[in-house]
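The values are calculated or read from the model by the stated rules, or taken from the named source; none is laboratory data. Model, not experiment: these values are computed from the prediction. We place every Cβ from the backbone using ideal geometry, glycine too, and count neighbours over all the protein chains shown.
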2 protein chains.
Amino acid sequence: MQSSARTDMTRSAVLTFIGSHGPTSRADLARSLGVSPALMTQLTKDLLNEGLISELEYSPSRGGRPARLLGLVVDAGGAIGVKVVADHITVVEVGITGTVLRSATEPFDASTMTAVETLIGLLRIFINSSVSTRLLGIGVAIPGNIDEQSVGTVESTQLGWSRLPLGARLREAFDLPVLVDNNVNALAAAEALYGQAKGHANALVVTIGTGVGAGIIADGVVFRGHSGVAGEIGHIPTIENGPLCQCGGHGCLEAVIGQQALVDQARKRGVLTGSETLGVLRDRADSGDPDAQKIFAEAGHLLGRALAGVVNTLDPEVVIILGEGAESWQHWMYGFEPALRSCLVPAKRGIPVAVESWQDDRWAQGAACLVLTTPFDEQGLSGDQGQWIRRRLAKSAQPGAADVTTKARQ
Amino acid sequence: MQSSARTDMTRSAVLTFIGSHGPTSRADLARSLGVSPALMTQLTKDLLNEGLISELEYSPSRGGRPARLLGLVVDAGGAIGVKVVADHITVVEVGITGTVLRSATEPFDASTMTAVETLIGLLRIFINSSVSTRLLGIGVAIPGNIDEQSVGTVESTQLGWSRLPLGARLREAFDLPVLVDNNVNALAAAEALYGQAKGHANALVVTIGTGVGAGIIADGVVFRGHSGVAGEIGHIPTIENGPLCQCGGHGCLEAVIGQQALVDQARKRGVLTGSETLGVLRDRADSGDPDAQKIFAEAGHLLGRALAGVVNTLDPEVVIILGEGAESWQHWMYGFEPALRSCLVPAKRGIPVAVESWQDDRWAQGAACLVLTTPFDEQGLSGDQGQWIRRRLAKSAQPGAADVTTKARQ
DNA sequence: GGTACTTTATTTAGTACTGAACAAAGAGGT
DNA sequence: ACCTCTTTGTTCAGTACTAAATAAAGTACC
């Protein structure tokens, strides 16, 4: 009863689809995954016998036989997600449905020589108290670029990591599939599956914080571009000969509306003193200081114009904005909305913009999502990680039940 | 011996791959198309018997058994491509390898009530003298948006067509698969298959002419976005409160570097008189007039900054620039190159920019390419057109040879 | 309450495809 | 000359999947 790569592929697709879309009928599954109803009958029979899914209530009929909905057995599998930033990590465990089961945040210094060992230690403690019967893998979200996704070599100036084979190291330590990706891409994956982008095949997920970035959902999947740096909207040129940017350019979007840029601007205008931080600026704006409000509104204006260009180019169905910066969105908004709408082509002028309050968990959840979504690129970016995850998903069935399945099919 | 949708799918994929990549070995085909070598042996046996492909010379060995290359039998199939603009059409016939076999340009007035009938008449004459043994379909490139690709409903302000079911009309008239698409997308498809973007899975094809547009090749396919209007880089906001654009906005890229904008600017500065056109401006620049040269260079500067933003966002491997505007590229270049390079993130700073002289045929070739490339989205955008094309491709085998095949497999 | 129509799910016969073993044909070393 | 290694291509048994017919279970209309 050894199962080939192809079987596991469609099996995993069924589980992931139910996981992201909720309980679904066999007929809907067949249509959505582009396979025949006959195959769905077979696969669901196996999955039911193995205890990975269960039959739920009937869906009300719309002029035909009512559909029996199939739902996931929640503890059929789980995944670990880690978000790494310079001074701390956030770890979550999610069920196969993507729901966060538990989470933890630990201080962490990425700049030490033993950072990876420390990370492994922290993860080991977290994983040891895992509630899932079987972990499918570990997803890691990093502020930086990943050279080869299959190996997981990290290049991150923010963390001070260069050519660090993080994926390989973690794989060795835990003997689990490990997927490493850029943090914005991970976040976009989570938004596409469980967040505001759910159900939209084309979406733009924008983060405003220290930097400005975007995750692009194109035709239902995260788009990474040729060298994996797609979504660098923080370096769209805005103000000619503007302030110097980290990238070496002048007047990049990030250099004029990033957190540091806002503080600099406020100090220059005397709204903040030399030691006061962005939080103070926000408080002043909240309490009605027009000068403080103006700084946010101007940033919103510039962001709106830049995003209009991106939306005209990419034609997404929805724009989602989040990150630390989104916490003062009520002030950004005054500049953002008119700038965006007036610069969009008529066809896109009504595009919805959703703002999500910033949750640290979401990023880590996104990292875990990588594990739940990548079983499908077969020989794609993630190399054989996808196949590995599929194998583990197949194995998570009760060994006893497997015999029943074999009998049932003969 | 009726063949199912799945067979035709892989068969067509084999033919199209050889068509776009040139003669290929069975092993390479299996690897590239992601199927097993065993299947490739079977499929090529059939295709050889049916006379659609032929065995060519051996490829030199690199430490193993030398590979036998397989090439297309050129007259195995063909396609018609049409480019429609306001005052004329260009029609080409291409072989299954994508090479243009013949072409024609006819005057055409899109604004008349009987425009579609006229178009059908012109096409009928062209098709009647077809050299292909079997036409696989017709591709049409339109300056405008296509609402439903499967039906081919056209929305084009440039042609004065609104909710025109062009695809359905042509399908009815010729009883052939018809694919209608935006002209820039068609051009991008041609560039990806046979042009400068060949071999690059991520490319940006920019056209400069009356308007400014872009075709996006993402992960190997033309990216259309949610409502099919992706690539509208002509409406990226550049100059705040700049000149009025057709779209109703102010200072769109197209409104400051489009042909009309350049003429307006030249007249304003006294470089052109009221009746002189863009050609005169180019001649002046060619002969060394610094004021004329400056107008082009400034346009290049603005284009460079805008494209830098797009490249940072999309991370293509190569940028290709063409269209009428590219004819005076030597003058644009002076402003374009420094602006682009200085605004790119370090990782993309060395991206190659290719400029192609403008050929009317390329657009029409691109339209024909749609027929050769879309057999693969199965139940995708093109509805059942893809399946229809696959059927015709299967039928183009000699009826006599089919029996041999059947025998050979048993 | 029957008839017509829809939609969901299963069965069955047959096709498309894979994996693994093997044969064929070369390069490179000793 | 012989062995080892690499790569291409084929054979064959078995798996993954489909299409078409059919059953199951409802709605809608008269």
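Just one of the listed residues (A:Gly195, A:Gly211, A:Gly231) is crowded, with 19+ Cβ neighbours inside 10 Å and at pLDDT 90 or above, and it is A:Gly231. Pairing residues of the range A:39-57 that are closer than 13 Å to A:Gly71 by Cα with residues that are within 15 Å of DNA strand D (Cβ to nearest atom), at Cβ distances under 6 Å and at least 6 apart in sequence or on separate chains, gives A:Thr44/A:Arg26; A:Ile53/A:Leu47; A:Glu55/A:Arg68; A:Leu56/A:Leu69. When the test is whether a residue is of a type outside the set (Val, Ile, Thr) and either in contact (Cβ under 8 Å) with a residue 60 or more places away in the chain or in contact with a Pro (Cβ under 8 Å, 6 or more places away or on another chain) (or both), A:Asp175 does not pass it. None of B:Gly300, B:Gly225, B:Gly279, B:Gly220 is under 30 Å from the mean Cα position of the chain (by Cα) and modelled with pLDDT of 95 or more except B:Gly300.
Among the residues that make up the range B:258-266, is at least one of them part of a helix (DSSP H, G or I), over 29 Å from A:Ala218 (Cα atoms) and under 26 Å from the mean Cα position of the chain (by Cα)? Please lay out each step first, then the result.
If we filter the range B:258-266 for residues that are part of a helix (DSSP H, G or I), which is where we start, we get B:259-266.
Remaining after also requiring over 29 Å from A:Ala218 (Cα atoms): B:259-266.
From the residues that got through so far, the ones that are under 26 Å from the mean Cα position of the chain (by Cα) too are B:259-260.
Looking through the range B:258-266, at least one residue is part of a helix (DSSP H, G or I), over 29 Å from A:Ala218 (Cα atoms) and under 26 Å from the mean Cα position of the chain (by Cα).
Restricting attention to the range B:312-329, which residues are facing chain A (nearest Cβ under 10 Å) and buried (at least 24 other Cβ atoms within 10 Å of the Cβ)? Of everything in the range B:312-329, those that are facing chain A (nearest Cβ under 10 Å) and buried (at least 24 other Cβ atoms within 10 Å of the Cβ) turn out to be B:Asn312, B:Thr313, B:Leu314, B:Asp315, B:Pro316.
Using the structure shown, decide if B:Arg282 is within 11 Å of another protein chain (Cβ to nearest Cβ), surrounded by fewer than 23 Cβ atoms within 10 Å (Cβ to Cβ) and farther than 18 Å from B:His200 by Cα. Here the answer is no, as B:Arg282 does not meet what is asked. Evaluate the following for A:Glu254: is it closer than 22 Å to B:Gly304 by Cβ, more than 8 Å from chain B (Cβ to nearest Cβ) and crowded, with 19+ Cβ neighbours inside 10 Å? Yes: the conditions hold for A:Glu254. Within the range B:27-55, the residues that satisfy the criterion of being near DNA strand D (Cβ under 10 Å from one of its atoms) and surrounded by fewer than 19 Cβ atoms within 10 Å (Cβ to Cβ) are B:Ala27, B:Asp28, B:Arg31, B:Ser36, B:Pro37, B:Ala38, B:Leu39, B:Thr41, B:Gln42, B:Lys45, B:Leu48, B:Glu55. Filtered by the rule that a residue be under 15 Å from the mean Cα position of the chain (by Cα), within 17 Å of A:Leu393 (Cβ to Cβ) and not hydroxyl-bearing (Ser, Thr, Tyr), the range A:85-108 gives A:Glu93, A:Val94, A:Gly98.
May I ask you to verify whether A:Ala339 is in contact with a Pro (Cβ under 6 Å, 6 or more places away or on another chain), buried (at least 17 other Cβ atoms within 10 Å of the Cβ) and within 14 Å of another protein chain (Cβ to nearest Cβ)?
Details: in contact with a Pro (Cβ under 6 Å, 6 or more places away or on another chain): no; buried (at least 17 other Cβ atoms within 10 Å of the Cβ): yes; within 14 Å of another protein chain (Cβ to nearest Cβ): yes.
When the stated conditions are applied, A:Ala339 does not pass them.
Which strands (runs of 3 or more DSSP E) sit wholly inside the range A:1-110 and have at least 1 residues that are among the β-branched types (Val, Ile, Thr) and more than 16 Å from DNA strand C (Cβ to nearest atom)?
Working: elements: A:53-59, A:67-72, A:78-84, A:88-95, A:100-107.
Qualifying strands (runs of 3 or more DSSP E): A:78-84, A:88-95, A:100-107.
Each row is one residue, and each column tells you yes or no for (1) within 14 Å of another protein chain (Cβ to nearest Cβ); (2) hydrophobic (A, V, I, L, M, F, W, C).
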position: B:Ile96; (1), (2): no, yes
position: B:Ser103; (1), (2): no, no
position: B:Ala110; (1), (2): no, yes
position: B:Met113; (1), (2): no, yes
position: B:Ser130; (1), (2): no, no
position: B:Arg134; (1), (2): no, no
position: B:Glu155; (1), (2): yes, no
position: B:Leu170; (1), (2): no, yes
position: B:Gln196; (1), (2): no, no
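Restricting A:Val14, A:Val92, A:Val35, A:Val73 to those that are under 25 Å from A:Gly386 (Cα atoms) and modelled with pLDDT of 90 or more reduces the list to A:Val92. Against the conditions (1) buried (at least 24 other Cβ atoms within 10 Å of the Cβ); (2) within 17 Å of the chain's Cα centre (by Cα), A:Pro237 satisfies every one except (2). Within the range B:344-360, the set of residues being aliphatic (A, V, I, L, M), within 14 Å of chain A (Cβ to nearest Cβ) and within 20 Å of B:Leu187 (Cβ to Cβ) comprises just one member, B:Ile351. Residues in the range A:128-162 that are in contact with a Phe, Trp or Tyr (Cβ under 7 Å, 6 or more places away or on another chain) and within 25 Å of A:Thr16 (Cα to Cα): A:Ile138, A:Ala141. Residues of the range A:228-249 that are at the interface with chain B (Cβ under 8 Å from one of its Cβ atoms), free of Cβ contacts under 8 Å to residues at least 24 places away in the same chain and not in a helix (DSSP H, G or I): A:Ala230, A:Glu232, A:Pro237, A:Glu240, A:Cys247, A:Gly248, A:Gly249.
When the range B:57-80 is filtered for residues that are exposed (fewer than 12 other Cβ atoms within 10 Å of the Cβ) and near DNA strand D (Cβ under 7 Å from one of its atoms), the ones remaining, listed by number, are B:Arg62, B:Gly63, B:Gly64, B:Arg65. Of the set (1) without any contact (Cβ under 8 Å) to a residue 40 or more places away in the chain; (2) among the β-branched types (Val, Ile, Thr); (3) within 16 Å of DNA strand D (Cβ to nearest atom), all apply to A:Thr112 but (3).
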